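The values are calculated or read from the model by the stated rules, or taken from the named source; none is laboratory data. These numbers come from a predicted model, not from an experiment. For neighbour counting, all protein chains shown are included, and Cβ atoms are generated from backbone atoms with ideal geometry for every residue, glycine included. These accessible areas exclude ligands, DNA and RNA; they are computed on the full protein's heavy atoms, side chains included. Shrake-Rupley method; radii C 1.70, N 1.55, O 1.52, S 1.80 Å.
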Amino acid sequence: MKWAVSIGVVSFFIAVFMSVISETILRHASIAIAFCVLVVIILIGVLFDAVGIAVAASTEKAFHSMAANRVKGAGTAVKVVRNASAVSSICNDVIGDICGIISGAASAIIIAQIAVTYDIKDATIMSISLSGIVAALTIGGKALGKEFGIKKSDLIVFEFAKLLYLIESVSGIELLKIKKNARKKKG
């Protein structure tokens, strides 16, 4: 229950933050820039979906020798894998889903801009078409991301862990705690 409430609160603030930024950019951008922002939002959702799948597919065994040799980010990779359910949930459900919602809102803003700019009275066909394109890019991208995430899980987790390590080093805030019980190793 505590996890569900926490993730709900975090989701709210991430969604508000991402919405404010994307709407501010989209409302004052040209149509071409607005399309670029839309593609970036879709790509963020696809990327985080791939990371979430990779975290769920990875095992910590791959990172123990690296951590013993003090490779930067390897200890963080162990923490990421030990916290796989939370990290995967945040990547797939929170960020991925928020990007999906925001891409829909961004599409509506773009359609409105096009309709006003070109004095289009009925933008129904355009709206349906853009919704289809966004859905195809999102679903197709996530399908590719899942395949890549499973096949290259250790590499993706390590690169993600290096990013988290950098953020922790700069901010001084520990984002993940070491869990006492390690995830069971595969095979």
Practice problem: Could you tell me what percent of the accessible area of the range 40-138 is made up of carbon and sulfur, with a 1.4 Å probe and every protein chain present? | Solution: 67 percent
Quiz item: Once Lys and Arg get +1 and Asp and Glu get -1 on their Cβ, which of Ala34, Ala67, Ala135 lies farthest toward the positive end of the dipole of the range 1-146?
Solution: Ala67
Quiz item: Rolling a 1.4 angstrom probe over the protein heavy atoms, how many square angstrom per residue are accessible across the range 43-187?
Solution: 57 Å²
Quiz item: What FRET efficiency do you get for Ile178 and Asp93 if R0 is 30 Å and r is their Cβ-Cβ distance, rounded to the nearest 0.05?
Solution: 0.80
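Rounding to the nearest 20 debye, state how big the charge dipole of the chain is about its Cα centre with +1 on each Lys and Arg Cβ and -1 on each Asp and Glu Cβ.
Using only the charged Cβ atoms, the result is roughly 1220 debye.
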Exercise. For Lys162, go through the aspartates and glutamates and keep the ones whose alpha-carbon is under 14 Å away, minus same-chain ones fewer than eight residues off.
Key: Asp154, Glu174
Quiz item: Once whole DSSP H runs in the chain are found, which of them have Cα atoms spread over 27 Å or more along the helix axis and a mean Kyte-Doolittle score of at least 0.5?
Solution: 2-27, 31-57, 97-117, 124-151
Quiz item: Could you give the length gained on full extension between Glu159 and Ser129, defined as 0.36 nm per residue of separation minus the Cα-Cα distance, in nm?
Solution: 7.2 nm
Quiz prompt | Packing-based order for 99-110, 66-77, using average beta carbon neighbours within 10 Å, highest first | solution = 99-110, 66-77
Quiz prompt | Total charge dipole magnitude, the range 1-88, about the Cα centre, Cβ charges on Lys, Arg, Asp, Glu only, Debye to nearest 20 | solution = 380 debye
Quiz item: Do you know the relative contact order of the range 1-136, to the nearest whole percent, from alpha carbon pairs under 8 angstrom that are 6+ apart?
Solution: 31 percent
Exercise. With springs only between Cα atoms under 10 Å apart, run a GNM on the chain and tell me which of Asp93, Asp122, Asp154 wobbles the most.
Key: Asp122
Quiz item: Roughly speaking, what is the centre-to-centre gap between the range 54-100 and the range 135-155 when only Cα atoms are used, to the nearest Å?
Solution: 16 Å
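Grab the beta carbon distance between Ser169 and Asp119, set R0 = 41 Å, and tell me the FRET efficiency rounded to 0.05. Show your work: numbers first, answer last.
Numbers: r = 53 Å, r/R0 = 1.29.
Once rounded, the FRET efficiency stands at 0.20.
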Self-check item: Rounded FRET efficiency, nearest 0.05, which uses the C-beta distance separating Ile139 from Ala68 and R0 of 41 Å
Solution: 0.50
Quiz prompt | Set of aspartates and glutamates with alpha-carbon distance to Lys177 below 12 Å, sequence-local pairs under 8 removed | solution = Glu168
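Taking a 31 Å limit on the Cα-Cα distance, which of the listed pairs Lys61/Lys142; Lys72/Lys151; Lys121/Lys146 fall beyond it?
On the way: Lys61/Lys142 27 Å; Lys72/Lys151 23 Å; Lys121/Lys146 40 Å.
Flagged as over cut-off: Lys121/Lys146.
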